[in-house]
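The values are calculated or read from the model by the stated rules, or taken from the named source; none is laboratory data. Keep in mind the model is a prediction, meaning the values are calculated, not measured. Methodologically, a virtual Cβ is constructed for each residue, glycine included, from the backbone with ideal geometry; neighbour enumeration extends over all protein chains shown. Remember, those area values only see protein heavy atoms, side chains included, never the ligands or the DNA or RNA. Shrake-Rupley method; radii C 1.70, N 1.55, O 1.52, S 1.80 Å.
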Amino acid sequence: MGSGMRLQADVLVLGGGPAGSTAALNLAPHARVLLADKRVATGSRIGESLPAAAGRLLRDMGLEPAFLAQGHLPCQHTQHLGQRHCA
């Protein structure tokens, strides 16, 4: 982006991780959203897994069909096995 370029937005979301991306996607139908991330785009971000509760969020956002069509498997439940403490 050159120094002469001007962007206009109603909302600026800082960070393109899971929370920032979700916020931007949910705000986009209602406002002009600019998503800014300090990381240079190098392709897809890799995520290990989504908790079972994310299924409802994907459905509410209308993203579940595309998510499943890409071959991702739904998680039906999660189990917490303890707590680790960092020294």
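Please determine whether any residue of the range 75-87 is hydrophobic (A, V, I, L, M, F, W, C), at pLDDT below 90 and open to solvent by less than 80 Å² (accessible area, probe 1.4 Å). Checked against the condition, which is being hydrophobic (A, V, I, L, M, F, W, C), at pLDDT below 90 and open to solvent by less than 80 Å² (accessible area, probe 1.4 Å), the range 75-87 yields at least one hit. Annotation: of all residues in the range 32-74 being under 15 Å from the mean Cα position of the chain (by Cα), open to solvent by 90 Å² or more (accessible area, probe 1.4 Å) and among the aliphatic types (A, V, I, L, M), the one that is modelled with the highest pLDDT is ALA41. Scan the range 17-31 for residues that are open to solvent by 60 Å² or more (accessible area, probe 1.4 Å) and either of a type in the set (Asp, Glu) or assigned to a helix (DSSP H, G or I) (or both) and the total you get is 5. Contact map, the range 26-37: residues that are free of Cβ contacts under 8 Å to residues at least 60 places away in the same chain and under 21 Å from ARG6 (Cβ atoms) paired with residues that are open to solvent by 80 Å² or more (accessible area, probe 1.4 Å) and part of a loop (DSSP other than H, G, I, E, B), Cβ distance under 8 Å, separation 6+ or inter-chain. Pairs shown: ALA31/ASP10; ARG32/GLN8; ARG32/ASP10; VAL33/ASP10; LEU34/LEU7.
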